[in-house]
Amino acid sequence: MTKVKDATIPTIPAQARLSRWFGRNLIRIYAFFGFTYLFIPVAYTFAFSFNDSGKSNLIWKGFTLDNWQNPCGAPEICTALGNSIKIGLLATIFSTILGTMIAFAIGRYAFKGRSTSNLLIFLPMATPEIVLGASLLSLFLVFQINPGFWPHSVSILLRIDSHSVKILATLFCW
Amino acid sequence: MSSILSKVKLPYLLLLPGFLFLFTFFILPIVNLAQTSTQTPIADGDTGQYEQTFRFANYIDAFVENREQFARSFIFAICATLLALAIAYPLAYAIAFKSGRFKNILLVLIIAPFFTSFLLRTVAWKQILGEEGFVVPPLRTLGIIGESTTLTSTSFAVVLGMTYNFLPFMTLPLYASLERIDPRTMEASGDLYANGITTFRRVTLPLSMPGVVAGTLLTFIPAAGDYVNAAILGNPNSKMLGNVIESRYFRIVDYPTAAALSFTLMAAILILVTLYIRKAGTEELV
């Protein structure tokens, strides 16, 4: 009985197999690099929070947990954190309420002035942040309101509001 | 009868609170800013004191004085938008079609960088690209960049930072529109003997155009007005219009010039965006 020669079974050379795998997974490899790009600064910041650096945090000098020991130690850090959370929550709640109402009106109803409303929603989005901030600040100065918690909340709300309206309006249109 | 009346009124009632808010905190400040833009300094006043003289030449002066930064803002923003599109499209494609059960995790990962502050991440880039970071020394050893070349304080770093910071804004709309494509349309294309590239060019890409338009706008608009990246990663020769507005407003207290520049920037963005949307032919965003 003669043995069937190996050559009759088409085997793919290792090199071709590799390049075929590469071709099939190219997009996954690309995505992996994309995610790496996204996470480099985050990982870097996290790693350097363990740096035993003293004042300047530029060069790696050794591992320490000191920076994590006393999170409220640095003055104002915990107050600032509290403010961030409060402003973030307030802005989210109000922009969801206002945004949903506007988006519902624009997405579900045909009415006079609909496209004007749409434009008015888009304008704050097309306004650079620095312009929004500066114009709000000068308004507050005209009315002699000192910058602080409430003005800051309003300026963030303005930013988020128009974005959330756009996203919700698209959802309601479907 | 009353139900018809309320039906007519309902959308207006829904719009009322939001528009009251927008009126007070967007229209009023913008009108106030418009007023400021044509003021001139009071003759014997202190710095920062201005009076209304309706001097529209403020706009021309401000533009001529800052035309370099103006051009740079748009060139940088366009570069960052194109780069972000090139990075985000395959990323969104991989998440939408190739990620299987990891889809939701990957979507969270796209938003995850937002959990660290935008400023902190930009400062981290400054250090990563700095002389002691882990990018420059290896590149020097390999001879890819010269001894005297630096990566921080360059236009390259500013564009890289902007691309980075606006990447999620590009990826999410792209993902949303790719996700909506019925995979059967791609199968049908294959049944008609189109190869992978043709299927992408004739089926997938056209169907994902709304996402491309939304993503490029969400990236381009904030990028054109950005000043943080240029301030942290740039040098005096890579200043953008946002930086000029910021310094005029908060440091030199030259409110009229800052206001005039703000309006010029807004107008330029609006014109470009309108042209773009006309050309791309989608009503998705506006």
Given Cβ charges of +1 for Lys and Arg and -1 for Asp and Glu, the option among B:Leu174, B:Tyr255, B:Ile128 whose Cα lies farthest towards the positive end of the dipole of chain B is B:Leu174
Under the Karplus relation with 6.51, -1.76 and 1.60 and θ = phi - 60°, whole-Hz ³J(HN,Hα) for region B:86-96, x at Gly and Pro, equal 5, 7, 6, 4, x, 4, 5, 4, 4, 5, 6
Rounded to the nearest 0.05, FRET efficiency between B:Glu147 and A:Ser19 (Cβ-Cβ, R0 30 Å) equals 0.20
iface B-A | buried accessible area, total | probe 1.4 Å | Å², round 100 | 5800 Å²
Expected vector for region B:247-259, Karplus 3J(HN,Hα) from phi with 6.51, -1.76, 1.60 and θ = phi - 60°, integer Hz, x for Gly and Pro, equals 6, 4, 6, 9, 10, 8, 6, 9, 4, x, 5, 4, 5
Given unit charges at Cβ for Lys, Arg (+) and Asp, Glu (-), the dipole magnitude of the protein assembly as shown about its Cα centre in debye, nearest 20, is 1880 debye
Here the residues of region B:165-186 whose accessible area is at least 40 Å² smaller with all protein chains than in the chain alone (probe 1.4 Å) are B:Arg180
Comparing each residue of region A:102-123 in the complete protein assembly with the chain by itself (heavy atoms, probe 1.4 Å, ligands and nucleic acids ignored), those losing at least 40 Å² of accessible area are A:Ile102, A:Tyr109, A:Phe111, A:Leu120, A:Phe122, A:Leu123
From the Cα centre of region B:127-161 to that of region B:7-81, the distance in Å is 38 Å
Residues whose modelled amide H sits under 5 Å from the amide H of B:Arg180, counting only those 5 or more places away in sequence or on another chain, are none
Along region A:108-113, Karplus-curve 3J(HN,Hα) (6.51, -1.76, 1.60; θ = phi - 60°) to the nearest Hz, with x for Gly and Pro, reads 10, 10, 9, 8, 5, x
The size of the Cβ-based charge dipole (Lys, Arg +1; Asp, Glu -1) of chain B about the Cα centre, to the nearest 20 debye, is 920 debye
Excluding ligands, DNA and RNA, the carbon-plus-sulfur percentage of the accessible area of chain B with a 1.4 Å probe reads 66 percent
Taking the chain alone as reference and the full protein assembly as comparison, with a 1.4 Å probe on protein heavy atoms only, the residues of region B:211-226 that lose at least 30 Å² of accessible area are B:Leu218, B:Ile221
Percent relative contact order for region B:68-280, counting Cα pairs under 8 Å at least six residues apart, stands at 30 percent
For the B:Glu68, B:Glu179 Cβ pair and Förster radius 41 Å, calculated FRET efficiency rounded to 0.05 is 0.45
Region B:72-192 accessible area per residue, 1.4 Å probe, protein heavy atoms, integer Å², reads 48 Å²
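The values are calculated or read from the model by the stated rules, or taken from the named source; none is laboratory data. Computed from a predicted structure; not experimentally measured. When we count neighbours, we look across all protein chains shown, and the Cβ atoms used for this are built from the backbone with ideal geometry, even at glycine. Quick note on the areas: whole protein, heavy atoms, side chains included, nothing else; ligands and nucleic acids left out. Shrake-Rupley method; radii C 1.70, N 1.55, O 1.52, S 1.80 Å.
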